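All remarks here apply to the structure that follows.
Nothing in this text is a laboratory measurement; each read-out follows from the coordinates by a stated rule. Everything numeric here is computed off the predicted structure, so don't read it as measured data. FYI the Cβ positions are ideal-geometry reconstructions off the backbone, even for glycines, and counts take in every protein chain you see.
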Amino acid sequence: MSIFLTLLRRELASFFLSLTGYVIIAAITLLVGLSFVVLIAGVGNDPFTAPVTEMFYGTFYFWLILLLATPVITMRLFALEKASGTFETLMTTPVGDLQVVLAKFTAAIFFYMVAWLPLLACLFLVQHFTNQSGALDAGTMSGMYLGIFLVGCVFLSMGCLASAISCSQMTAAMISFVLGVSLFSLAYLAKSTPVNGHWQTQVLAYFNLFDQMHDFARGALDTRAVIFYASATFLFLFLTLRVVESRRWK
Amino acid sequence: MIEVANLTKRYAGGRTAVDDISFTVARGEIVGLLGPNGAGKSTTMRVLSGFMPATSGTVKVGGFDVFHDSDETRRRIGYMPENNPLHPEMRVREYLKFRARLKGLGWKKSRERVTTVMEQCGLTDVGRRIIGQLSKGYKQRVGLADALVHDPELIILDEPTIGLDPQQIRSVRALIKSLAGKHTVLISTHILPEVEMMCGRVLIMFDGRVLASDTPENLQRRMAGGSQVIAEIAAPLATLRTVWENLPEVAQFDLAAGEGEFFRCALTPRDGEDLRPLIYNLARVNGWPLRELTRSRHSLEDIYMQVTRPTTEEVE
């Protein structure tokens, strides 16, 4: 456990004690802010009854941020260590492969959640100036952040896998971007395909990230979605672990 | 301490980096792994450190198998890979503490050990400096301090002096020498004098195989047979020729005109004997001016030539 914490501290330090970390946070803040400007301008012209949080997921901004930010957050994790050779010094200490994978993933998800904090400020502004009390409601808020967390887990675990299989950060970022876009397209396909009796459409319905996020934003917790996200994250982290272990049977 | 039996490492793609090698290293020994680039030194060390598995064969460190008891062996090994990778953005003390914690040392113990190894490696003054801004010599010492921080039984150093200036090389060598007795040390290098200075025993690797394993002195002796003596003597050419022809100690000689009256004689001894006192006496007795008398030091290349020759003949 203490080794895990040491690793986690080190990973967090490399996020928060580096310029890149703050550049990522600044970029996310800028995009969140921009999307709210566009959103509010839209609402101003065309009044809307749903809470602002719900509308936020309805736009492509949220997904754009997700698709762009997660590869940048995760690309460094394994690829940089492999390129600089520190992966060798790390793996020749008595640390477990699982500890390494989990520490890196935990640090990434923590950083990712911190990067989303400016969203609160936007919501606060909306509430303050529109008297829309629903924007900062505890239920919708926790639902929203749970949604952000779960979707983030899936995308970041894909990023971990991409970083583990590549030796350069650029490749890692590209692979995880492609994986992310694929999942996103699948979600898009799922949204546009109505569910009928066929099992294909029923399976596809699980990939309907948009509606699932919509539910989260409303404060509704759909266990099926939670399980889907959790198992997808688990799968990708398991694959990452196998890749890290693979040097033992190569 | 180290028992390697029939170790073979084949990389994906079929290249065999290490081909069926066996050797043992006793506790407290300083052993040099000598060989040209691509001889399989680094691969052997990577297998020993538990970073990569062997394709076949067994490797034991302190009685534990590096593959099956990986954690146990990794606790006992301090490994510094080639090119000494470090985290350039960290501070020296911070990095060493991080490494000590990773190697399972408690909070208090790691503080103590870090202070000790920083003193041992002469890093006390740069503890607060950022690693990326240190000179190469200091970085190398940080790598060494990292290898030492958990007080391991076995220290594996892959080319610890590469890229350092002579002053730095001297201090790193002195540091490694000071480890003798307390730790078992395995060093790889392709610099022969380095091995002579630091190691009690040398393993010569070439093309994935161990070709010789002996003390540096014995290797020297084996080599001495081939070492030439160069003498520049001012004497008539014909006289010199007859003298060398009649000396039983000289197996072969070569004469070339030098500056002025001097002739450059390259002499090969018959039984690895040192010809220099003999030549000096000759020159003194005959009153020949003598302005150079050296024994050419056999280079690493010569050793390779020497040790690889029998095997090439076998093939033929």
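5 Å is the cut-off here: which amide hydrogens, built 1.01 Å from N in the peptide plane, fall below it relative to B:Leu211, excluding neighbours closer than 5 in sequence?
Close amide H contacts, sequence-distant or interchain: B:Ile204, B:Met205, B:Phe206.
HN-Hα J couplings of segment A:180-188 from phi, Karplus 6.51/-1.76/1.60, θ = phi - 60°, integer Hz, Gly and Pro as x?
With coefficients 6.51, -1.76 and 1.60, one gets x, 5, 4, 4, 4, 5, 4, 4, 5 Hz.
Counting pairwise Cα distances across segment B:228-295, what percent come out greater than 16 angstrom?
37
Given a Förster distance of 41 Å, report the FRET efficiency between B:Asp71 and A:Met113 from their Cβ-Cβ distance, rounded to the nearest 0.05.
Plugging the Cβ-Cβ distance into 1/(1 + (r/R0)^6) gives 0.80.
Over 32 Å between C-alpha atoms is what I'm after, so list which of B:Lys9/B:Lys182; B:Lys9/B:Lys109; A:Lys82/A:Lys191; B:Lys9/B:Lys97; A:Lys104/B:Lys182; A:Lys82/B:Lys136 land there.
Where the Cα-Cα span goes over 32 Å, the pairs concerned are B:Lys9/B:Lys109; A:Lys82/A:Lys191; B:Lys9/B:Lys97; A:Lys104/B:Lys182.
Given the C-alpha centroids of segment B:256-277 and segment A:15-32, what is the distance between them in whole angstrom?
Taking the Cα centre of segment A:15-32 as reference, the centre of segment B:256-277 is 73 Å away.
How big is chain B on each of its three principal axes, counting only the C-alpha atoms and giving the largest first in Å?
78, 49, 34
Between A:Leu146 and A:Leu19, what is the FRET efficiency for a Förster distance of 35 Å, r being their Cβ-Cβ separation, to the nearest 0.05?
Once rounded, the FRET efficiency stands at 0.70.
Compute, for segment B:2-222, the length of the dipole vector about the Cα centre, with Cβ point charges of +1 (Lys, Arg) and -1 (Asp, Glu) only. Units Debye, rounded to 20.
720
Note down the magnitude of the dipole of segment B:1-63 about its Cα centre, charges +1 on Lys and Arg C-beta and -1 on Asp and Glu C-beta and zero elsewhere, to the nearest 20 debye.
180
Rounded to the nearest 500, what is chain A's calculated 222 nm mean residue ellipticity when only DSSP H runs of at least 4 contribute -39500 (n - 2.57) each, over all residues?
-27000 deg cm²/dmol
May I have the pair-distance distribution P(r) for chain A, computed from all Cα-Cα distances with 10 Å bins from 0 and rounded to whole percent?
7, 29, 33, 21, 8, 2, 0
Starting from the Cα coordinates of segment A:183-243, work out the convex hull volume and express it per residue in Å³.
Taking the convex hull of the Cα positions in segment A:183-243, it is 100 Å³ per residue.
Explain nothing, just compute: Karplus ³J(HN,Hα) = 6.51 cos²θ - 1.76 cosθ + 1.60, θ = phi - 60°, for every residue of segment B:110-116 in order, whole Hz, x for Gly and Pro.
3J(HN,Hα) across segment B:110-116, in whole Hz: 5, 4, 4, 5, 4, 4, 4.
Rounded to two decimals, what is Rg over Rh for the protein assembly as shown when you use alpha-carbon atoms and the Kirkwood radius?
When Rh is taken as the Kirkwood radius, the ratio is 1.17.
What is the magnitude of the charge dipole of segment A:2-248 about its Cα centre, with +1 placed on the Cβ of each Lys and Arg, -1 on the Cβ of each Asp and Glu, and no other charges, expressed in debye to the nearest 20?
540
Take each of the peptides B:179-187, B:280-288, average the number of other beta-carbon atoms within 10 Å over its residues, and list them starting from the highest.
Going by the mean number of other Cβ atoms within 10 Å, highest first, we get B:179-187, B:280-288.
Which of the listed residues, B:Leu211, B:Gly50, B:Leu34, is farthest toward the dipole's positive end in segment B:2-222, when Lys, Arg count +1 and Asp, Glu count -1 at the beta-carbon?
The one lying farthest along the dipole's positive direction is B:Gly50.
Please name whichever of A:Leu90, A:His128, A:Trp199 sits farthest to the positive end of the charge dipole of chain A, dipole taken about the Cα centre and charges placed at Cβ: Lys and Arg +1, Asp and Glu -1.
Result: A:Leu90.
Name the residue from B:Thr242, A:Ala162, B:Val142 whose Cα lies farthest towards the positive end of the charge dipole of the protein assembly as shown, charges +1 on Cβ of Lys and Arg and -1 on Cβ of Asp and Glu.
Farthest towards the positive pole: B:Val142.
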